[in-house]
1. Going by C-beta contacts inside 10 Å, put K132, K160, K127 in order with the fewest on the left.
2. Using every Cα-Cα pair within the stretch 3-56, state what percent have a distance larger than 12 Å.
3. Placing +1 at every Lys and Arg Cβ and -1 at every Asp and Glu Cβ, with all other atoms neutral, what dipole size does the chain have around its Cα centre, in debye to the nearest 20?
4. When we measure straight from the Cα of K160, which aspartates and glutamates land under 12 angstrom away, once same-chain ones fewer than 8 places off are left out?
5. Using the Cα centre as the reference, give the magnitude of the dipole from point charges on the C-beta atoms of the stretch 3-56 (Lys, Arg: +1; Asp, Glu: -1; all else neutral), rounded to the nearest 20 debye.
6. Looking at the chain only, what percent of DSSP beta bridges run antiparallel? Nearest 5 please.
7. So for the chain, averaging the separation of alpha carbon pairs under 8 Å that are six or more residues apart and normalising by length, what relative contact order in percent results?
8. Output the Kirkwood hydrodynamic radius of the stretch 132-209, Cα pairs only, in Å rounded to one decimal.
Amino acid sequence: MEVRLQKYLADAGVASRRKSEELITSGWVKVNDKVVKELGTKVNPDKDVIKYKDKVISHKEKLVYYVLNKPVGYISSVTDPRHRKTVVDLIKEKERVFPVGRLDYDSEGLLIITNDGDLTYKLTHPKHHIPKQYIVKVKGHPSEDKISKLRIGVALKEFKTSKCKIRLLKKYNKGSLYEVILFEGKNRQIRKMFDYIGHPVITLKRIAIGEIELEDLKTGEYRKLTREEIKYLKSV
């Protein structure tokens, strides 16, 4: 049975489907020892030999699912051209895995790690509005009027944000602590939102994705998802 090359790579745990497309167009993938750069290419896993960086890629690895409490100072990627630490460096398992979505370098908290390409594609697709919960500390004390604008959605330079939930948790002498729940996941969205109203983010931590929670997981540690959690993610 033939499948698209990027789907084959994602299912094998090489990278997410979108990242696999980048690997193909960049010339890192070979089919039967020939470099393939066309995204429409289909392969037959029973007949074709697929290689990434000259290593044969097979589908023999079992699917695995983890929740990681990402520390600050790690990038949400498999590799980094600048040789910074990646979240995959923290996963001490034999399977080749990759992060679902991302948290930026300066943020921390819940990140799902897996080698399930189909699930990754589903969870990162814009049509799936899975709530993501964050605890955010910002500089100063934003007015309720400014926060109301963020709740409704604002037109930033790069994109327009959708409606979200924001709740004040605590005020400090020079800062404020908020709970923020997003139903989308654009690049550095929360940081850009609070920059927009003149109150930069000091710290940002994701504590939940839908029903998946960090609970008491320590920074830098990870755990396996339960069967119920995996079932939930596949059903959303």
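1. Arranged by neighbour count, lowest to highest, K132, K160, K127 become K127, K160, K132.
2. Counting every Cα pair in the stretch 3-56, those more than 12 Å apart make up 57 percent.
3. Here the chain has a charge dipole of around 600 debye.
4. E184
5. It works out to roughly 80 debye.
6. 95 percent
7. It comes to 20 percent, rounded to a whole number.
8. Evaluated over the stretch 132-209, this radius sits at 12.3 Å.
Bear in mind that the values in this text are calculations on the coordinates, not laboratory data. Every value quoted in this text rests on a predicted model; they were computed, and no experiment measured them. Here Cβ is always computed from backbone atoms with ideal geometry, including for glycine, and neighbour counts include all displayed protein chains.
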